[in-house]
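The next block holds one structure in the form of structure tokens; read it before the comments.
The values are calculated or read from the model by the stated rules, or taken from the named source; none is laboratory data. If you're wondering where the values come from, they're calculated on a predicted model, not measured in any experiment. Because the Cβ atoms are built from the backbone with ideal geometry, glycine has one as well, and the counts that use them run over all protein chains shown. Surface accessibility is based on the protein's heavy atoms, side chains included, excluding ligands, DNA and RNA. Shrake-Rupley method; radii C 1.70, N 1.55, O 1.52, S 1.80 Å.
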Amino acid sequence: MLPSNLPTRILIVEDDEDDFLIIEACIKDIPDKEFRIDWCYDFNEALQRIGQARYDLYFVDYLLGARTGLELLREAIAMGCEEPLVLLTGIGNRDLDVQAMTIGAVDYLVKSEINTEKLERSIRYALERSAYIKALRVNERKFRTIFERSKDAVFLTGDDLVFRDVNAATSELFKYTKEELMQLSLYHLFARGEAADQLRDRLSLTGEVEDLEVEMMTRNKERRNCILSISWQVYSSGETYIQGIIHDITNLKRIERATFQIEKLRSTATLLRTLAHEVRNPLTNINLSVEQLKPEMDSEEANIYLEIIARNCGRIDSLISELLDLSRPAEISLQKTRLQEVLNNTLAAASDRISLKNIRLELVYPEKPAFVMADKEKLRIAFLNILINAVEAVPAQSGVITIAIREETPQQYKVSIADNGGGIPEENISRIFEPYFTSKTNGFGLGLAATWNILQSHRAAIDVNSQLGEGTNFLLTFEQASER
């Protein structure tokens with residue numbers, strides 16, 4: 001509504017000039033108010049003026065030559081008119097009144113009953129209602145903007161948690177279109193059924209859940225660590241709905257795990273260096289003593305024992321060197337490399353094992369080369385260690401290994417190596433990259449430790465999603481190489 005010191009601008013759309021003059025006179029008789037009143041008798045000209053939004057209020061006659069006021073109301077509303085429209089008619093008609101209000105008119109007046117008092121009331125009501133609706137629309141646009149631009153997933157659902165509305169961040173997080181999400185329940189996106197049951201129980205008990213840490217599952221079967229807050233709300237009509245927000249903390253969790261792993265390996269490295277020093281000193285003395293004894297030994301049997309001592313000293317020394325290598329950052333020579341080429345070389349190295357178990361391979365590569373900065377041979381070793389674990393985990397004949405490269409963002413590629421093996425127990429996932437940790441009876445636990453070291457040197461992020469009885473998915477994220 002305009003400030004009270006400015007005249008209220010009114011357009012009267014009326015094809016009868018006498019009716020216009022009567023209505024104009026009644027409006028001008030309203031005390032303590034100033035009005036600027038214009039007349040228009042043509043349908044198309046009226047629609048054009050409404051589109052220019054130069055007036056605060058419109059009075060529209062029902063009969064406008066070959067067209068009707070209802071048609072004008074309908075077309076004005078369709079082109080975005082936000083100012084109030086009042087329909088005028090020669091005779092009272094309840095059906096016409098209902099139609100006008102349904103289309104969007106704020107009032108309905110019978111011309112034979114018009115007087116100054118009725119017009120004053122109609123104008124005051126129309127302008128107050130218009131100001132209220134405009135304020136609501138401003139707030140709606142403001143909150144819609146916040147809703148759409150939020151980096152967190154914001155959504156509305158029914159009581160059954162089936163989505164009714166979601167913002168763009170929700171689609172981006174779960175990799176579903178908005179239309180697809182409208183067919184899904186929030187429960188469908190939980191990675192673990194027990195977490196969905198926990199949410200259902202807490203929501204029915206208290207009506208809200210705040211800061212619940214859960215694992216969600218994307219369309220690509222990728223697990224995301226999230227913080228979920230939802231609450232029951234009630235519309236003014238009494239209908240209930242649920243609003244919620246999901247904050248993705250996957251990257252934060254990944255950083256925490258990487259930091260913890262680095263600190264753990266740093267402590268291990270310190271211990272290994274100390275042990276290496278303490279073991280190598282007496283080992284050196286043993287080797288020197290063996291070398292001194294060799295020329296003095298005439299017995300062939302004695303020399304055999306000395307050879308055994310020397311050979312095992314060498315083995316111990318090699319193990320110490322191997323341990324120390326694992327504790328140091330891998331030395332790499334980075335070059336612009338295609339991930340497809342490195343993965344194909346990895347598959348070639350493991351082809352015999354794959355064939356022997358009759359494993360089905362599924363490759364999902366992008367059409368364009370996925371370039372990263374990498375040491376080809378070192379990265380092949382890292383991929384091979386993961387692939388061999390997958391080959392050993394899947395059942396013969398029915399095993400499936402899926403290797404995919406996806407452009408995660410314009411700056412990143414994600415490599416996925418997934419299998420349908422038995423999965424890794426949750427308590428072991430945080431330990432699989434530790435040196436000498438293994439669940440295999442014939443394993444040494446060095447393969448994945450070396451893999452982690454190589455991938456860290458490539459500044460690649462590592463995620464492991466695993467479900468017992470379903471399989472494991474290693475997700476490796478690399479920075480894209482520059483186009484130059």
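Some values worked out for this structure:
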{"quantity": "Accessible-area ranking of Leu275, Leu455, largest first, probe 1.4 Å", "calculated": "Leu275, Leu455"}
{"quantity": "Leu275-Glu82 FRET efficiency (beta carbon distance; Förster radius 60 Å; 0.05 resolution)", "calculated": "0.15"}
{"quantity": "Cα gyration tensor category, rounded, prolate or oblate, for the range 12-142 with a/c compared to 1.5", "calculated": "rounded"}
{"quantity": "Protection-proxy order for peptides 381-390, 91-100, each taking the mean of Cβ atoms within 10 Å per residue, highest first", "calculated": "381-390, 91-100"}
{"quantity": "DSSP beta bridges in the chain [antiparallel fraction, %, rounded to 5]", "calculated": "70"}
{"quantity": "Estimated 222 nm signal from helices in the chain, with DSSP H stretches of n ≥ 4 weighted -39500 (n - 2.57), rounded to 500", "calculated": "-15000 deg cm²/dmol"}
{"quantity": "Accessible area, probe 1.4 Å, largest first, for residues Tyr125, Tyr305, Tyr241", "calculated": "Tyr305, Tyr125, Tyr241"}
{"quantity": "Dimensionless Rg over Rh [the chain; C-alpha; Kirkwood]", "calculated": "1.28"}
{"quantity": "Solvent accessible area, Å² - Glu300, 1.4 Å probe, full protein context", "calculated": "140"}
{"quantity": "Axial C-alpha extent at least 18 Å, average Kyte-Doolittle at least -0.5 - helices from the chain (DSSP)", "calculated": "250-293, 300-327, 376-393"}
{"quantity": "Reachable lysines from Lys142, criterion Cα separation under 22 angstrom, eight or more residues apart if same chain", "calculated": "Lys134, Lys151, Lys178"}
{"quantity": "Ser204, Ser457, reordered so the largest accessible area comes first (probe 1.4 Å)", "calculated": "Ser204, Ser457"}
{"quantity": "Sulfur and carbon atoms: percent of accessible area, the chain [1.4 Å]", "calculated": "51"}
{"quantity": "Cβ charges +1 (Lys, Arg) and -1 (Asp, Glu), total dipole of the chain, debye", "calculated": "1700"}
{"quantity": "Spin-label pair Ile286/Lys221, simplified geometry with 7 Å Cα→Cβ offset, distance in nm", "calculated": "4.9"}
{"quantity": "Extension gain from Asp160 to Asp32, taking 0.36 nm per residue of separation minus the Cα-Cα distance", "calculated": "40.5 nm"}
{"quantity": "Integer Hz, Karplus 6.51/-1.76/1.60 couplings in order for the range 162-174, x for Gly and Pro", "calculated": "7, 4, 10, 8, 9, 8, 4, 5, 5, 4, 5, 5, 9"}
{"quantity": "At R0 = 60 Å, FRET efficiency that the Cβ-Cβ distance of Met373 and Ile308 yields, to 0.05", "calculated": "0.80"}
{"quantity": "Accessible area per residue, Å², the chain with all protein chains present, probe 1.4 Å", "calculated": "56"}
{"quantity": "FRET efficiency, 1/(1 + (r/R0)^6) with R0 60 Å, evaluated for Leu319 and Gln243 via beta carbons", "calculated": "0.50"}
{"quantity": "For the range 14-65, convex hull volume per residue from C-alpha positions, Å³", "calculated": "74"}
{"quantity": "Net lengthening on full extension, Glu113/Leu334 (0.36 nm per residue, minus Cα-Cα)", "calculated": "70.7 nm"}
{"quantity": "Alpha-carbon centroids, the range 463-484 and the range 65-137: separation in whole Å", "calculated": "61"}
{"quantity": "Rounded Å value of the spacing that divides the Cα centres of the range 173-252 and the range 39-54", "calculated": "49"}
